[in-house]
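Step one of this worksheet: look at the structure below.
The values are calculated or read from the model by the stated rules, or taken from the named source; none is laboratory data. Quick caveat, the model's predicted, so the values are computed rather than measured. Cβ coordinates were reconstructed from backbone atoms using ideal geometry, including for glycine residues, and neighbour counts include every protein chain displayed.
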Ligand SMILES: *[C@@H]1O[C@H](CO)[C@@H](O)[C@H](O)[C@H]1NC(C)=O
């Protein structure tokens, strides 16, 4: 007896399929990537900016496609002039300029988030809406302790709920909608002091945690997942005197107040189920994949 030989290419394919994110393969293959040699420390405004440089160069190496060329000027020590990068005075030390925000919304970038992004410890805003980022959210995001807003919506992130966000003390706005996150929604999410939670259009499963009623959020949208079942016992049952549908399949019967009514009544917690969203100060309608309003 002899064993059949396994062709090399099938091994290569197997490796391909094991990788969580295809762009980890050959980012920077076109040579348009990160700085090869780091400038000397004295070239940087301060050590925090130098850390940010390391993070942003690592990120540039993890970008496979940047059709709007927003990262085209991500070279050299002055990270505050990089496209989409915003600096301001550090809240803890106003004499120190730090990277406070990154806004790459609608840049259509393909790539992934490298662990080095955890070096951006002064970041307050990270907006990556409508790109092609894939893979998972690194655990090092736990270090982004000043993060207030995290918008990863409309990308290709996958894997389980990004646990790192649960330990961010100032996070108010968490937007993960339109990705491929899967597995359970962690109980702890609704115990966090978040004001807006968007998890719709993912692959979350295994029900809505009982902790939902603990959430101080003014908007929670869970629609278009595979959560099944009804609302947990802790969830509010009525809005404007109308019962909230407990069965997602009954969404068509859900009564949706007009925006004026919603503002006047100031509902505390708002739920989106099966495509109809009620909200606090804003009204979000979900219709055939189109988001209207903000
Ligand atoms: C991208 O931007 C950089 C710097 O702004 C510029 O030098 C480069 O030519 C641009 N590339 C393309 C393809 O437009």
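Which of the following residues is in contact with a helix residue (DSSP H, G or I) (Cβ under 7 Å, 6 or more places away or on another chain), surrounded by fewer than 20 Cβ atoms within 10 Å (Cβ to Cβ) and either modelled with pLDDT of 95 or more or outside any helix (DSSP H, G or I) (or both): 140, 145? The conditions single out 140. Just to be sure before I move on: is residue 52 away from the ligand (no atom under 15 Å from the Cβ), free of Cβ contacts under 8 Å to residues at least 60 places away in the same chain and not in a loop (DSSP other than H, G, I, E, B) in the structure I sent? Answer is no for this residue. Do the conditions hold for residue 96, that is, is it within 20 Å of the chain's Cα centre (by Cα), on the phi < 0 side of the Ramachandran plot and either in contact (Cβ under 8 Å) with a residue 12 or more places away in the chain or within 16 Å of the ligand (Cβ to nearest atom) (or both)? No; evaluated as a whole, the condition is false for this residue. Does the stretch 9-23 include one or more residues that are touching a strand residue (DSSP E or B) at 6+ places or on another chain (Cβ under 9 Å) and either at pLDDT 90 or above or within 16 Å of the ligand (Cβ to nearest atom) (or both)? No; the residues of the stretch 9-23 include none that is touching a strand residue (DSSP E or B) at 6+ places or on another chain (Cβ under 9 Å) and either at pLDDT 90 or above or within 16 Å of the ligand (Cβ to nearest atom) (or both).
Within the stretch 68-85, residues that are at positive phi have Cβ atoms under 8 Å from residues that are more than 9 Å from the ligand (Cβ to nearest atom) and in a loop (DSSP other than H, G, I, E, B) in these pairs: 76/35; 76/39; 84/104; 84/107, counting only partners at least 6 apart in sequence or on another chain. Each residue in the stretch 99-113 was checked for being in a loop (DSSP other than H, G, I, E, B) and either within 16 Å of the ligand (Cβ to nearest atom) or surrounded by 22 or more Cβ atoms within 10 Å (Cβ to Cβ) (or both), and 5 of them qualify. Residues being surrounded by fewer than 17 Cβ atoms within 10 Å (Cβ to Cβ), modelled with pLDDT under 95, away from the ligand (no atom under 16 Å from the Cβ) and over 16 Å from residue 125 (Cα atoms) are represented in the stretch 71-92 by at least one member.
Right, residue 211: touching a helix residue (DSSP H, G or I) at 6+ places or on another chain (Cβ under 6 Å) and under 19 Å from residue 151 (Cβ atoms) or not? Here the answer is no, as residue 211 does not meet what is asked.
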